Each structure stands twice: as structure tokens, then as C-alpha cells.
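Encoded as C-alpha cells, the structure appears first; notes follow it.
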Amino acid sequence: MIKQLFNIKIGYASIKNPIAVAPMAGITDSGFAAKFGNAGLVVLGGYNLDAKTNDAARKEISRGRKEFVSDEPMDLLKKELKASHDLTRIAVNVRAASLEPFVEAARLIKDSGAILEINAHCRQPEMLELGVGEALLRDLPRLCEYIGEIKKTGVVVSVKTRANVVNDVELAKAIEKAGADIIHIDAMHPDGMDVGVIKRVRNSTNLFIIGNNSVVDFESAKDMFSYGADMVSVARGLLEEPRLIDNLVDEISAIQSMTGWYNAPKHICGGGDLRALAFCCLPVKPCALHAALKQAGMSAEEFMKLKMDFVRGTPLEPGDGTCFGSMTWCCKITKPCFLRDSTLTQTGVSDIEYMQFKKKLSEYLMKKRKR
Ligand SMILES: Cc1cc2nc3c(=O)[nH]c(=O)nc-3n(C[C@H](O)[C@H](O)[C@H](O)COP(=O)(O)O)c2cc1C
Ligand code: SF4
Ligand code: SF4
């Protein structure tokens, strides 16, 4: 059996790599998706699940927008799920003017092993008038009720949001509490892409994060990964350059093979999210660590104890020759350091093992933070 390079699993949905195709209404159907089987996830849609949203979409088409419309929306959904079933992991971005069509679709989507994505993103006036799409961001009780009821079917649920419309942290916390598994964030900002929103959501929830907006090359994708995205999705970039998915998959696979932690954070002093506490020094000097600890609700003493207790007996414990006497306090492997590297050589620990233990330490610290 071939060993999976990435170990990504959300409920029943295992995912082969962290690169996704984002939904584009009127474009991203099973035929379009067929070109992107190399992606870890393809989000089909958005599909309209009832007569009201299909009528709204017809009005949009009459003014030149692309949309998928159908008089038999559940039949269309079944057909699309069947056509794309063996391609890769599939999610379906859906809109409806009431709860029931979401629940009906959820059963079909779950039976096919796919993910249901609630569209809380669309801002076309015809949809907003129905309380659909972005209107859900402004009606959190209704969005959360939808999530709770849809989750009762057992389907894996993603929520596609648009950043900087409401308070993104409050939104993410609410949808996590309601039971959502994934937040798919269009990190849109009036001045360009806002990668800070990914960091804010990473610091305050345990949701699986798909980062989206303006990814056109590996540099832009890497930014999202290092601020906390578990996965990155692409929409318009694919229309310009269909090979973008293959390129991103190749690059992120190379990072994972070399480091063992494809979305490792930047150091806290480099602007990284709270996962980077795993790379922080002993708290003995004035630096950005102290603000990060405050955010994590930890005292410096608790932080020291948590780290030391966790690394005892692991390959991170040694390090007499390092700055603070143990690799517990050592930097990311990508920061060149002969002191740490000679400890790794002496103890026979590879760079990948080092980073994998740092990742475990980071997960432990994130569990212990107060939210
Ligand atoms: C033509 C088009 C149609 C879109 N339709 C949807 C949709 O139905 N549902 C949705 O959640 N997002 C939709 N989006 C938004 C994209 O999924 C994505 O969030 C946005 O384009 C920003 O990502 P990008 O910079 O990679 O394009 C659409 C975008 C485009 C360009
Ligand atoms: S403790 Fe070290 S790594 Fe962490 S923020 Fe301070 S200087 Fe940077
Ligand atoms: S020994 Fe090197 S890796 Fe460890 S804390 Fe010092 S500078 Fe960082």
C-alpha cells in the first residue's frame, strides 16, 4: 500500500492533498472538475436547491451572469455527485431559501461521501433578497440553526464565508459551536487579500480552515498556509492558468516531503499564529511571546511547564549545546542553526521527525489554550 504523504481527514472525508478548486456558479460542474482530479478537493457549484433560488439565478442569467439552473435541482445534484464520484474528494456548494432543501441535499451528499458547503458568500442582489448567501452572515442565529439541523444527517459541513463583512472571529466561533467542520474563507478585503483573517480564525477556533482569494502561484498559497490555513482553494486563477492546481500540488508535496509539516507557522515574532508557540524560546526576554501568551490565556510559568512536560522522553528533550539547553525551545527547521542541527545529528533525529514532534507539541499547546 502506498503511504499517504498528507494525513488530512475531516470526519469520514479523507483528503489526498491540501489544494482545492473553489466553486464558481455556472462554471464548476462535474465536466469542469474532470480536469482537476489531481486536487485534494473540488467544490462543485454553487447549485440552487429550490424554486426560489433557481428563479433568482434565472434573473441573474438574464443580466449576463453565469449560474446553474434546474427545474429538478435534487436530480441535478444526484447526477453531478455520480459523475464526479471517482474523481477526488468532492464538496458541493449550495444555496436555498429555507432549511428543508439543505437537509434533503445533505442526505444525498453524505451518501456519496462528499461534503456539503453552505453558501454564505454570494452577494448577488436577487439572492440577498431571499436571505440567501452573504445574508446568512448577518443572520447568525439562522445560519447556526441550519448548520445544527444539517449536521443531524451526519454530513461533513463546510461554510463558505466572505471576510470583513461581519466580525470574522465571532462568526467562526459561532459556526464552530453550531457544529460546522470547515470554514472556507474568502479572505477578501477592499484593499486586497487579507491573510490576517486566516490567522485570527486559526487563533480562536479548531475549525479546519480553507483559505481562499487571489491565489495565483505558490507564494500566495504559502502565505495562507503559514498563517494557519489547512487547505488553500483557487477559483479565478484556474481560468487564467489551468495548470495552477498541478503546480500547487507539486510544490506543497515537496514542502511536506522535506519538512513533514506543510503548513507550519511563521515564528511568533515573524507574525505567526499561536501554533508557533512550539518554536518559542524560554520566556526570559521582552518579546512578542508575552502578547501571544496573553492571547492564549497562559502565564509564562504555565507555558514553560506545559512545554517541558510534553517533551519529556521525546526527541525534543536533548539539546545541551542549544541556546536554552533543550530543543523544546528551538526554532523552525527552516531557520539555519548549527547548534540545533548538531544535536539532531548526535541524537539521530531527522529534520522531518523534529518538525513532526514540534507539530505534536503545537497541537498540545493549542488544546491547552483558553478560548
Ligand atoms: C464566476 C464566479 C462564480 C462564483 N460563484 C461562487 C459560488 O457559487 N459560490 C461561492 O461560494 N463562491 C463563488 N465564487 C467565489 C469564489 O469561490 C472565490 O471565493 C472568489 O472568486 C475568490 O477566490 P479567487 O481569488 O481564487 O477567485 C465565484 C467566483 C467567480 C469568479
Ligand atoms: S520567544 Fe523567541 S521565537 Fe518566540 S517571539 Fe520571542 S524571540 Fe520570537
Ligand atoms: S539553538 Fe538555534 S534553533 Fe535553538 S533556539 Fe538557539 S538559535 Fe534557535
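The values are calculated or read from the model by the stated rules, or taken from the named source; none is laboratory data. Please read these numbers as outputs of a predicted model, since none were measured by experiment. Ideal geometry is used to build each Cβ from the backbone, glycine not excepted, and the neighbour counts take in all protein chains shown.
In this entry, residue 75 passes the filter for residues that are within 19 Å of residue 43 (Cα to Cα) and surrounded by fewer than 17 Cβ atoms within 10 Å (Cβ to Cβ).
Let's see how each residue does on (1) over 25 Å from residue 14 (Cα atoms); (2) surrounded by fewer than 19 Cβ atoms within 10 Å (Cβ to Cβ); (3) away from ligand 3 (no atom under 16 Å from the Cβ); (4) in the same structural domain as residue 41 (by TED's automatic domain parsing):
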site	(1), (2), (3), (4)
168	yes, no, yes, yes
206	no, yes, yes, yes
218	no, yes, yes, yes
229	no, no, yes, yes
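The set of residues in the stretch 1-37 that are surrounded by fewer than 19 Cβ atoms within 10 Å (Cβ to Cβ) and within 14 Å of residue 87 (Cα to Cα) comprises 14, 16, 30, 31, 32, 34, 35, 37. Considering the stretch 257-290, and only residues there that are among the hydrophobic types (A, V, I, L, M, F, W, C) and more than 9 Å from ligand 2 (Cβ to nearest atom), the residue that is modelled with the lowest pLDDT turns out to be 258.
Against the condition assigned by TED's automatic domain parsing to the domain that holds residue 12, buried (at least 24 other Cβ atoms within 10 Å of the Cβ) and of a type outside the set (Asp, Glu), how does residue 97 come out, does it pass? Spelling it out, it is not the case that residue 97 is assigned by TED's automatic domain parsing to the domain that holds residue 12, buried (at least 24 other Cβ atoms within 10 Å of the Cβ) and of a type outside the set (Asp, Glu).
Within the stretch 124-138, does at least one residue satisfy the condition of being part of a strand (DSSP E or B), crowded, with 19+ Cβ neighbours inside 10 Å, assigned by TED's automatic domain parsing to the domain that holds residue 69 and at pLDDT 95 or above? No - not one qualifying residue is present in the stretch 124-138. Considering (1) more than 16 Å from ligand 1 (Cβ to nearest atom); (2) out of contact with any strand residue (DSSP E or B) (no Cβ under 6 Å at 6 or more places or on another chain); (3) among the acidic types (Asp, Glu), the lone condition that residue 230 does not fulfil carries the number (2). Please go through the stretch 303-319 and give me each residue that is touching a helix residue (DSSP H, G or I) at 6+ places or on another chain (Cβ under 8 Å) and more than 14 Å from ligand 2 (Cβ to nearest atom), ordered by number. Those that are touching a helix residue (DSSP H, G or I) at 6+ places or on another chain (Cβ under 8 Å) and more than 14 Å from ligand 2 (Cβ to nearest atom): 306, 308, 310, 311, 314, 315, 316, 317, 318, 319.
How many residues does the stretch 272-298 contain that are touching a Pro at 6+ places or on another chain (Cβ under 9 Å) and surrounded by fewer than 18 Cβ atoms within 10 Å (Cβ to Cβ)? Here the count works out to 1. Scanning the stretch 100-112 for residues that are among the hydroxyl-bearing types (Ser, Thr, Tyr) and crowded, with 19+ Cβ neighbours inside 10 Å returns no hits. Among residues of the stretch 320-346 being loosely packed, with under 15 Cβ neighbours inside 10 Å and polar (S, T, N, Q), the one that is nearest to ligand 2 (Cβ to nearest atom) is 334. Answer yes or no as to whether residue 149 is assigned to a helix (DSSP H, G or I), among the acidic types (Asp, Glu) and touching a residue at least 40 places away in the same chain (Cβ under 8 Å). Spelling it out, residue 149 is indeed assigned to a helix (DSSP H, G or I), among the acidic types (Asp, Glu) and touching a residue at least 40 places away in the same chain (Cβ under 8 Å).
In this entry, residue 205 passes the filter for residues that are in contact (Cβ under 8 Å) with a residue 24 or more places away in the chain and either within 14 Å of ligand 1 (Cβ to nearest atom) or under 27 Å from residue 169 (Cα atoms) (or both). Are there any pairs with C-beta distances below 9 angstrom linking a residue in the stretch 287-300 that is over 14 Å from residue 368 (Cα atoms) to a residue that is of a type in the set (A, V, I, L, M) and not in a loop (DSSP other than H, G, I, E, B), with the two at least 6 apart or on different chains, and if so which? Every condition considered, the pairs that remain are 287/268; 288/268; 289/268; 289/277; 289/300; 290/300; 291/268. Exactly one residue among 300, 221, 291, 235 is in contact with a strand residue (DSSP E or B) (Cβ under 9 Å, 6 or more places away or on another chain) and over 27 Å from residue 351 (Cβ atoms), and that residue is 235. On the stretch given as the stretch 92-139, residues that are of a type outside the set (A, V, I, L, M) and within 24 Å of residue 79 (Cα to Cα) total 16. When 210, 198, 175 are checked against the criterion of being modelled with pLDDT of 95 or more and touching a Lys or Arg at 6+ places or on another chain (Cβ under 9 Å), 210 stands alone in meeting it.
For first residues located in the stretch 324-340 and over 14 Å from residue 280 (Cα atoms), partners that are within 16 Å of ligand 1 (Cβ to nearest atom) and modelled with pLDDT under 95 and lie 6+ apart or on another chain with Cβ distances below 9 Å do not occur.
Close Cβ contacts (under 8 Å, 6 or more residues apart or on different chains) running from residues in the stretch 120-146 that are in contact (Cβ under 8 Å) with a residue 40 or more places away in the chain to residues that are among the β-branched types (Val, Ile, Thr) and not in a loop (DSSP other than H, G, I, E, B) comprise 120/159; 120/161; 121/161; 127/53; 130/53; 132/53; 146/118.
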